[in-house]
Amino acid sequence: MSFSGRTVLVAGASGALGRAVCLAFLEARAHVAATARSADGLRALAEGAGAGRERLLTFPADVSDPAAAVRLVADVAAACGPFDSVVDTVGAWEGGTPLWETDPDDFDRMLAVNLRSAFALARAALPHLLAQRRGWMVSVASRAAFGGQAGSAAYAAAKAGLVALVASVAAEVHGRGVNVNAVVPDVIDTPANRRAMPHADTARWSRPDDIAGVIRFLCTEDARAIQGAAIPVTAP
């Protein structure tokens, strides 16, 4: 699976999943424009990119800010030329309390990180992809969007909104050369999640490399028949 000559924009690139996605595309010979709020996280990504580092450019940005997302797309296009794939791995979890004890600020933060960021990034990037009549966009949702999870109402609501957003955008761009889909992992096996849930059965968690492989496939011509899907990614 070669992405030689193609550029992929990856948001949330400083996280464990974002890093795995960047490395998967670099392994496939893509040029990667990586963005995240953390400049330190982006430097760590570059330091760990090995031989692919020469095809990696980093852009610190907060894509939950619509104006920042527009600037990001312009900066990536100016630095890298046309890009045809956008992967949104931005996300965060807060919870552990019932809804009636949830701070409204925490609820707003879950919406901003898990839903508003996807809206802002898609709003900024889609005109670029549609003008080319060629593109792929993949967002990372969660199984929480499809089932009740006590103590995670804000997170689940945001991810359910993301699934609906992806389906609606896919319908809007259908027939215009752009594919829009979501992947739906279980809990992702990351160092942060292991620290937060030290007694969990991690054998059932989704692995970042597996999720990255599915995302990479969804950005290929072989995946053109997949549109508006929410694709589960589980532990093997």
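The values are calculated or read from the model by the stated rules, or taken from the named source; none is laboratory data. Please read these numbers as outputs of a predicted model, since none were measured by experiment. Using ideal geometry, Cβ is built from the backbone for each residue, glycine included, and neighbour counts are taken over all protein chains shown.
When the residues of the stretch 85-109 are filtered to those that are within 21 Å of residue 19 (Cα to Cα) and either among the β-branched types (Val, Ile, Thr) or at pLDDT 95 or above (or both), the one that is surrounded by the most Cβ atoms within 10 Å (Cβ to Cβ) is 87. The strands (runs of 3 or more DSSP E) found wholly in the stretch 1-70 include none carrying at least 3 residues that are touching a residue at least 60 places away in the same chain (Cβ under 8 Å) and charged (D, E, K, R). Of all residues in the stretch 6-40, which are of a type outside the set (Val, Ile, Thr) and touching a Pro at 6+ places or on another chain (Cβ under 8 Å)? Of everything in the stretch 6-40, those that are of a type outside the set (Val, Ile, Thr) and touching a Pro at 6+ places or on another chain (Cβ under 8 Å) turn out to be 16, 17, 19, 20, 36, 37, 38, 39.
Listed here are the residues, each with its yes/no results for (1) at pLDDT 95 or above; (2) buried (at least 16 other Cβ atoms within 10 Å of the Cβ); (3) of a type in the set (Gly, Ala, Ser); (4) touching a His at 6+ places or on another chain (Cβ under 8 Å).
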{"site": "28", "(1), (2), (3), (4)": "yes, yes, yes, no"}
{"site": "31", "(1), (2), (3), (4)": "yes, yes, no, no"}
{"site": "34", "(1), (2), (3), (4)": "yes, yes, yes, no"}
{"site": "39", "(1), (2), (3), (4)": "no, no, yes, no"}
{"site": "57", "(1), (2), (3), (4)": "yes, yes, no, yes"}
{"site": "60", "(1), (2), (3), (4)": "yes, yes, no, no"}
{"site": "63", "(1), (2), (3), (4)": "yes, yes, no, no"}
{"site": "83", "(1), (2), (3), (4)": "yes, yes, no, yes"}
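Of all residues in the stretch 6-49, those being of a type in the set (A, V, I, L, M, F, W, C) and closer than 15 Å to residue 92 by Cα number 5.
Residue under question is residue 78, and the condition is that it be farther than 25 Å from residue 134 by Cβ, part of a helix (DSSP H, G or I) and more than 16 Å from the chain's Cα centre (by Cα); does it hold? When the stated conditions are applied, residue 78 does not pass them.
Within the set 226, 215, the sole residue that is over 20 Å from residue 32 (Cα atoms), in contact (Cβ under 8 Å) with a residue 24 or more places away in the chain and not charged (D, E, K, R) turns out to be 226. When the residues of the stretch 165-204 are filtered to those that are among the small types (Gly, Ala, Ser) and outside any loop (DSSP other than H, G, I, E, B), the one that is nearest to residue 149 (Cα to Cα) is 196.
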